[in-house]
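Below is the structure I would like to discuss, written out as structure tokens.
The values are calculated or read from the model by the stated rules, or taken from the named source; none is laboratory data. Predicted model only: the values in this text are computed from it and were never measured. Here the Cβ is made from the backbone with ideal geometry for all residues, glycine too, and neighbour counts use every protein chain on show.
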Amino acid sequence: MADPPFLSVVIPAHNEENRLPATLTRVQRFLNQKNLHAEVLVVENGSRDGTAKVVREAYRDFPELRLIQVAPRGKGRAVQVGMLAAQGAYRFQCDADLSMPIDEVMNFLPPRLVDVDVAIASREAAGARRIGEPASRHAMGRVFAFLVKWIVLPGFEDSQCGFKCYRAVAAEEIFRRQQLTGWTFDVEDLFLALQLGYRIREVPVSWQYSPESRVHMIRDPAHMLLDLFRIRWNWMRGAYGRPDPAKLPHPQA
């Protein structure tokens, strides 16, 4: 039996036939340059275009590539399926627009980052850069970040950047408990990581705004706000399953 990969790159993809070819080329070039034992999982999620065809065609020259198809829509559902199907010791959640340069993945992995279970890209941490983002989008993001800190995740400045890295054991424990399937799944997963005792680190990144962002500025924020209260309610009613203090990976003071 072949050794499991060191790194799994999980890319949720809904109607991404235009952006995905360039992204897969850049990811493959990066993996080859770094000589990483890796796999790339594209989770096609209810697309109406040729996203799946793009992946099948790319596979001919990219044997580390895998296609998973999930019919019901929802970015959270796609990432969850990909993370639980992945085999890597480290599992990296990656947006299909590759708005963070792929070579920055190395900042999320040993030896550059050690003693961390969940590393999350941050556009707000010291040293981070936002490029080309409209002021209205930035303002909307900062309001939501404030609400996230107030309701669910105190101490974290940016839960919504689509690039995150999980150690295998953390990914399996967190994603099997995840219940939200839409945009707010990131907050739920980080909340679960905290409750389960995993060590989280924000990693500053350079991030390029994409005008093809799928977040609707009026409809989606309202749903996301309701999801923050759903996370709290789910925890209070025991929907995630209570962690056993004796099994916490890093006992907390």
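Within the stretch 62-79, is there a residue that is within 24 Å of PHE108 (Cα to Cα) and in contact with a Leu (Cβ under 6 Å, 6 or more places away or on another chain)?
Looking for residues that are within 24 Å of PHE108 (Cα to Cα) and in contact with a Leu (Cβ under 6 Å, 6 or more places away or on another chain), one finds at least one in the stretch 62-79, hence yes.
Restricting the stretch 82-94 to residues that are under 23 Å from LEU194 (Cβ atoms) and surrounded by fewer than 20 Cβ atoms within 10 Å (Cβ to Cβ), which is farthest from the chain's Cα centre (by Cα)?
ALA89
Another question about this same structure. Of the conditions (1) in contact with a strand residue (DSSP E or B) (Cβ under 6 Å, 6 or more places away or on another chain); (2) part of a helix (DSSP H, G or I); (3) among the small types (Gly, Ala, Ser), GLY141 satisfies every one except a single condition; which number is it?
Only one criterion is unmet by GLY141, namely (1).
Right, next: Can you tell me which residue is nearest to the chain's Cα centre (by Cα) among those in the stretch 158-172 that are free of Cβ contacts under 8 Å to residues at least 60 places away in the same chain and surrounded by 20 or more Cβ atoms within 10 Å (Cβ to Cβ)?
Filtering first and then ranking leaves SER159.
Give the number of residues within the stretch 56-80 that are touching a helix residue (DSSP H, G or I) at 6+ places or on another chain (Cβ under 9 Å), more than 13 Å from ASN15 (Cβ to Cβ) and not in a loop (DSSP other than H, G, I, E, B).
Summing the residues that are touching a helix residue (DSSP H, G or I) at 6+ places or on another chain (Cβ under 9 Å), more than 13 Å from ASN15 (Cβ to Cβ) and not in a loop (DSSP other than H, G, I, E, B) in the stretch 56-80 gives 12.
So, one more: Find the residue count for the stretch 136-194, including only residues that are closer than 20 Å to GLY241 by Cβ and hydrophobic (A, V, I, L, M, F, W, C).
16
Okay, moving on. Can you say whether VAL10 is touching a Leu at 6+ places or on another chain (Cβ under 8 Å) and on the phi < 0 side of the Ramachandran plot, as far as the supplied structure shows?
yes
Turning to a different aspect of this structure: Determine which single condition ARG77 fails, assuming it passes every other condition in (1) modelled with pLDDT under 95; (2) basic (Lys, Arg); (3) surrounded by 20 or more Cβ atoms within 10 Å (Cβ to Cβ).
(1)
Moving on. Could you list all residues from the stretch 31-50 that are surrounded by fewer than 18 Cβ atoms within 10 Å (Cβ to Cβ), not in a loop (DSSP other than H, G, I, E, B) and not polar (S, T, N, Q)?
LYS34
Can you name every residue in the stretch 13-38 that is over 15 Å from ILE102 (Cβ atoms) and in contact with a Leu (Cβ under 8 Å, 6 or more places away or on another chain)?
Within the stretch 13-38, ALA13, HIS37 qualify.
Considering only residues that are among the small types (Gly, Ala, Ser), under 19 Å from THR184 (Cβ atoms) and assigned to a loop (DSSP other than H, G, I, E, B), which ones fall in the stretch 116-136? Outline the logic, then answer.
Of the stretch 116-136, the ones among the small types (Gly, Ala, Ser) are 119, 121-122, 125-128, 132, 135-136.
Those still in the list that are under 19 Å from THR184 (Cβ atoms) too: 121-122.
Matches in the stretch 116-136: none.
In the stretch 144-162, which residue that is in a helix (DSSP H, G or I) and aromatic (Phe, Trp, Tyr) is nearest to TRP235 (Cα to Cα)?
So in the stretch 144-162, the residues in a helix (DSSP H, G or I) come out as 144-151.
Add one more test, that the residue is aromatic (Phe, Trp, Tyr), and what stays is 144, 146, 150.
Details: PHE144: 20, PHE146: 20, TRP150: 16 Å.
So the residue we want is TRP150.
Only one residue in ALA2, ALA52 is of a type in the set (Gly, Ala, Ser) and in contact (Cβ under 8 Å) with a residue 12 or more places away in the chain, so which one is that?
None of the other options fit; the residue is ALA52.
Please go through the stretch 82-115 and give me each residue that is closer than 20 Å to GLU188 by Cβ and touching a Pro at 6+ places or on another chain (Cβ under 9 Å), ordered by number.
Once the filter is applied, which keeps residues that are closer than 20 Å to GLU188 by Cβ and touching a Pro at 6+ places or on another chain (Cβ under 9 Å), the stretch 82-115 yields GLY82, ALA86, GLN93, CYS94, ASP95.
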